[in-house]
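Novice: Take this structure first; my questions come after.
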Amino acid sequence: VKDKFLNYFELPRESVFLHTNKTTYIVNEEVWLKGYVYNRHLQKPFHQTTTVHVGLFNAKGENFKNYHFKAKDGYFKGNIVVDSMLVSGEYYLRSSTNWMKNFKEDDSHIQKITILNEKPLKKESAVSDYDIQFLPEGGNLIEGTPSTMGVKVTDGNGYGVRIIEGSVFDDDNAQVARFYTSIFGLGKFNFIPKVGKNYIAKLEFSDGNVQTVTLQKPMKKGVAFGVKHIDDDRFIITLTTNETTKEITDNQQFYLLVHKDGHANRIPLAFPKNSLFVSKVLNKEVLNKGMNILTLFNSDGKPIAERLIFNYADLFDAKLEVSKLALETDSLKIQVKLLDTDVVQQNLSVSVLPGNTISHNQKNSIYSTFYLKPYIKGFIENPKYYFEDITTKKQNELDLLLMTQGWSRYDWNDIFRGPPNQFYEFENGIDLEGTLYGQEVSSNDKLLVSYPDNRSRYLDILDNKFLIPKYFPEKGDMLEFTLINNKTLRKPTVGINMVTAELPEKLNQIWNEKVIPKPEDFNENIKMSGLISADNTINLNEVTVVEERMKTTVENNVFIPKYLKG
C-alpha cells in the first residue's frame, strides 16, 4: 500500500493562489493581481512553472475569455481590464497550468469576483429548503459501537444554517442525543446505535420550521475510527468494533497510514484479546504541517476508514508587522516589518483599500488555498475564516469541518490502479503558429522575424506556414516580418495564432456555492460493505469510458465553410 501511495504522489503537485486587489469591480476597472505557484511536496515556490492561464467564467460556469501570465520563480503578476460588455453578476477567475492536467484531481484555483455594470446586481433570493446530512466520523456507523456522528445543515443556496436545537430519538421515542450547529451549519453528537433500533432526528430552526430526518441504518460489522486532540503536542486515535466483527477479525493486524502529498508514516494497530476497543496516543511529530490524512487499513491492505485532521504547529512561521507611518496629502506611508529574522527573503503582495470599503470580501487566503482546499472534495463556505486570529474555538471548528468531510479527495481506487501518466509537460513559453497570405512562397524564399529587443532570426516556411516556438510574447509586443527572395525584400501579409494548453470552456467541478454535495458523496470512494472479503478482492467503482473528440484547427479556420468543417 505504501509503495503504491508513494508512486501515486511521485510527480509533484502544484497549487496556485491568486491575490486580487479586491473582489468587486465596476466595468472598465482593472483587476490587479499577483499569483503564487506552490510545490506542495517540497512546500516551496514551484520554479518549473513559467506559464499560468487565468480564465474568466460567468455564474453559469461558461468561459468568457482567457489570459496568460508569465511566471518566474513561482510568482506572476499583472492586470485584467473588466470588459464593458459584461453584465452585472458573479464571475470566477480560474487559474491553472498545463502540468496540472496530468492529474485526475483538479488543482486549479477558483477566485470569485463581482462585476457591476449599469443594471443593478440581482439579489440572491432567500431559500427556506434545508439539506440535512448525518455523517459518522471516519465514515462508518456500526451496530452496538460507540460512535461520533457529524451533522451538516445547509440551505438551498448551500450555506450553513445554525439551528435552535436538534434531538435524536429511537423508535420507542426515547431521546438518545442532543446537538446544535455552528454558523456554518456543522455539529456533532455521541451515541451508540443499538441492534434492531431505528433512529430519527428532529431539528428546530429559527423560523419555527421543524424538520424530521431518519438516520441511516448502522452496518452489522465494521470498525469505528475516531481521533481526538489531547493538547498541542499529542492526539489519540481509537478503534471500536462489535462482537460480530471481532469474531471475524480476531488477531488481525490493522495499519494506520498518516499521509500527505507523498509523505507517509505507517503505524500498526491491533485489538487486544477479548477487547472491542483499542486506543493509541501519538505525538504530533508524526504529523505533517497543515493537513494530514489518516487512513485505516485492514490486514488485507484494504482501506476501511479515513479521517482528516489539521496540524497548526509551525504553520505561521513568517510573521509580519504592518504599521502606518504617515499620511501625506494623497499618499499613505506603510512600514512592513519581518519579525522572523531567520527567514532571509519573502515575496509579498499588498492591497490597500479604504477601511470601510464594501468592494473587498475575500473568502480565500493563501493558507486555505495551499493547506486546506487541495485535500477536500466538498465546498467550504469560508476557508479564510480558519486561518485568521487563530483561537482554540476556531481549531475545534476546523476539526469539525474535517470530520464532516469524510474521505479526502484522493480516491484509493485510483491510487491502487497506478500513478498518473506524465502526458503534459511544463510549458516553456508559448508557440506562435503563423501563416503567409496572398502570395506564393518558393523554396528559395526566407522569412526573417525581428523581435522587440532587436534580435532577428530566420524561420522555416512549409506550405506558407511557419512556427515561432517557446516564445514569451508580452502585451503590446511588435514582431516585424520580412520576406527575402533573390535579395529583394517584401513585406508579407501575416496571420498569427497563439498555441496554449487546451483550456476548459466550462467549469466542471464544485466551483459554485449553489452546488450542494450529495450525501452519498461523503463516503463514495470506499464502500464498507466488503470489510472482510473471502478472495481479498477490492471492489472498484463503476467505470464509464467516454471519448473526447479532438479539437482541430479546422473548427477555427474562418476560410472553411461551415458545411465542410465536419
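Novice: Does region 75-89 contain any residue that is free of Cβ contacts under 8 Å to residues at least 40 places away in the same chain, surrounded by 15 or more Cβ atoms within 10 Å (Cβ to Cβ) and under 30 Å from Lys260 (Cα atoms)?
Specialist: Scanning region 75-89, I find no residue that is free of Cβ contacts under 8 Å to residues at least 40 places away in the same chain, surrounded by 15 or more Cβ atoms within 10 Å (Cβ to Cβ) and under 30 Å from Lys260 (Cα atoms), so the answer is no.
Novice: Can you name the residue in region 350-401 that is among the charged types (D, E, K, R) and surrounded by 16 or more Cβ atoms within 10 Å (Cβ to Cβ) and, of all such residues, is modelled with the lowest pLDDT?
Specialist: Out of the qualifying residues, it is Lys377.
Novice: Starting from region 213-237, take each residue that is assigned by TED's automatic domain parsing to the domain that holds Leu294 and within 22 Å of Asp171 (Cβ to Cβ) and list its partners that are aromatic (Phe, Trp, Tyr) and surrounded by 14 or more Cβ atoms within 10 Å (Cβ to Cβ), counting only C-beta distances under 8 angstrom and pairs at least six apart or across chains.
Specialist: These pairs meet every condition: Val213/Phe134; Thr214/Tyr199; Leu215/Phe134; Leu215/Tyr199; Gln216/Phe134.
Novice: Would you check if there is a residue in region 288-304 being of a type in the set (Ser, Thr, Tyr), in a strand (DSSP E or B) and closer than 30 Å to Gly185 by Cβ?
Specialist: The answer is yes, given that some residue of region 288-304 is of a type in the set (Ser, Thr, Tyr), in a strand (DSSP E or B) and closer than 30 Å to Gly185 by Cβ.
Novice: Quick check on my filter: what residues within region 290-338 are of a type in the set (Gly, Ala, Ser) and touching a residue at least 12 places away in the same chain (Cβ under 8 Å)?
Specialist: Those that are of a type in the set (Gly, Ala, Ser) and touching a residue at least 12 places away in the same chain (Cβ under 8 Å): Gly290, Ser299, Gly301, Ala305, Ala313, Ala318, Ser323.
Novice: Further question on the same structure: Just the residues that are in contact (Cβ under 8 Å) with a residue 24 or more places away in the chain and touching an Asp or Glu at 6+ places or on another chain (Cβ under 7 Å), please, taken from region 156-186.
Specialist: Gly156, Asn157, Gly158, Tyr159, Gly160, Val161, Ile163, Ile164, Glu165, Ser182, Phe184
Novice: Looking at (1) in contact with a Lys or Arg (Cβ under 7 Å, 6 or more places away or on another chain); (2) farther than 21 Å from Ile366 by Cα, which is the one condition that is false for Ile293?
Specialist: (2)
Novice: Oh, and also: Quick test for you: out of Asn444, Asn347, Asn364, pick the one residue that is within 21 Å of Tyr312 (Cα to Cα) and assigned to a loop (DSSP other than H, G, I, E, B).
Specialist: None of the others qualify; the one that does is Asn364.
Novice: So, one more: I'd like to know if region 496-507 contains one or more residues that are hydroxyl-bearing (Ser, Thr, Tyr) and either assigned to a loop (DSSP other than H, G, I, E, B) or out of contact with any Ser or Thr (no Cβ under 8 Å at 6 or more places or on another chain) (or both).
Specialist: Yes, region 496-507 contains at least one residue that is hydroxyl-bearing (Ser, Thr, Tyr) and either assigned to a loop (DSSP other than H, G, I, E, B) or out of contact with any Ser or Thr (no Cβ under 8 Å at 6 or more places or on another chain) (or both).
Novice: Okay, next question. Restricting to region 196-238, give me the number of residues that are aliphatic (A, V, I, L, M) and either on the phi > 0 side of the Ramachandran plot or in contact with a helix residue (DSSP H, G or I) (Cβ under 9 Å, 6 or more places away or on another chain) (or both).
Specialist: Of the residues in that region, 4 qualify.
Here is a yes/no grid of residues against (1) without any contact (Cβ under 8 Å) to a residue 24 or more places away in the chain; (2) more than 14 Å from the chain's Cα centre (by Cα); (3) within 29 Å of Glu137 (Cβ to Cβ):
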residue: Pro354; (1), (2), (3): yes, yes, no
residue: Ile358; (1), (2), (3): no, yes, no
residue: Thr392; (1), (2), (3): yes, yes, yes
residue: Gln395; (1), (2), (3): no, yes, yes
residue: Leu401; (1), (2), (3): no, yes, yes
residue: Gly406; (1), (2), (3): no, yes, yes
residue: Tyr410; (1), (2), (3): no, no, yes
residue: Asn413; (1), (2), (3): no, yes, yes
residue: Glu427; (1), (2), (3): no, yes, no
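Novice: Return the only residue of Val54, Val87, Val82 being within 17 Å of the chain's Cα centre (by Cα) and either not basic (Lys, Arg) or not assigned by TED's automatic domain parsing to the domain that holds Pro473 (or both).
Specialist: That would be Val54, the only listed residue that is within 17 Å of the chain's Cα centre (by Cα) and either not basic (Lys, Arg) or not assigned by TED's automatic domain parsing to the domain that holds Pro473 (or both).
Novice: Filter region 250-259 for residues that are at positive phi and either surrounded by 15 or more Cβ atoms within 10 Å (Cβ to Cβ) or among the hydroxyl-bearing types (Ser, Thr, Tyr) (or both) and give the result.
Specialist: Answer for region 250-259, where residues must be at positive phi and either surrounded by 15 or more Cβ atoms within 10 Å (Cβ to Cβ) or among the hydroxyl-bearing types (Ser, Thr, Tyr) (or both): there is none.
Novice: Kindly check whether there is at least one residue in region 333-344 that is under 30 Å from Asp399 (Cβ atoms) and either within 29 Å of the chain's Cα centre (by Cα) or assigned to a strand (DSSP E or B) (or both).
Specialist: Yes; the residues of region 333-344 include at least one that is under 30 Å from Asp399 (Cβ atoms) and either within 29 Å of the chain's Cα centre (by Cα) or assigned to a strand (DSSP E or B) (or both).
Novice: Same structure again: For region 208-250, what are the residues that are within 32 Å of the chain's Cα centre (by Cα) and charged (D, E, K, R)?
Specialist: Those that are within 32 Å of the chain's Cα centre (by Cα) and charged (D, E, K, R): Lys217, Lys228, Asp231, Asp232, Asp233, Arg234.
Novice: While we're on this one: So, in region 48-71, of the ones that are surrounded by 15 or more Cβ atoms within 10 Å (Cβ to Cβ) and among the aromatic types (Phe, Trp, Tyr), which residue ends up farthest from Tyr424 (Cα to Cα)?
Specialist: Among residues in region 48-71 that are surrounded by 15 or more Cβ atoms within 10 Å (Cβ to Cβ) and among the aromatic types (Phe, Trp, Tyr), the one farthest from Tyr424 (Cα to Cα) is Phe57.
Novice: Let me ask another. If we keep just the residues of region 1-47 that are of a type in the set (S, T, N, Q) and exposed (fewer than 15 other Cβ atoms within 10 Å of the Cβ), which is nearest to Glu90 (Cα to Cα)?
Specialist: Asn28
Novice: Tell me the residue from Ser443, Ser456 that is surrounded by fewer than 17 Cβ atoms within 10 Å (Cβ to Cβ) and touching a Ser or Thr at 6+ places or on another chain (Cβ under 9 Å), please.
Specialist: Sole residue among the options that is surrounded by fewer than 17 Cβ atoms within 10 Å (Cβ to Cβ) and touching a Ser or Thr at 6+ places or on another chain (Cβ under 9 Å): Ser456.
Novice: Going through region 383-400 one residue at a time, which ones are among the hydrophobic types (A, V, I, L, M, F, W, C) and out of contact with any Ser or Thr (no Cβ under 9 Å at 6 or more places or on another chain)?
Specialist: Of everything in region 383-400, those that are among the hydrophobic types (A, V, I, L, M, F, W, C) and out of contact with any Ser or Thr (no Cβ under 9 Å at 6 or more places or on another chain) turn out to be Ile390, Leu398.
The values are calculated or read from the model by the stated rules, or taken from the named source; none is laboratory data. Small disclaimer: the values here were computed from a predicted structure and weren't measured. Counting neighbours? That spans all protein chains shown, and the Cβs are built from the backbone with ideal geometry, glycine included.
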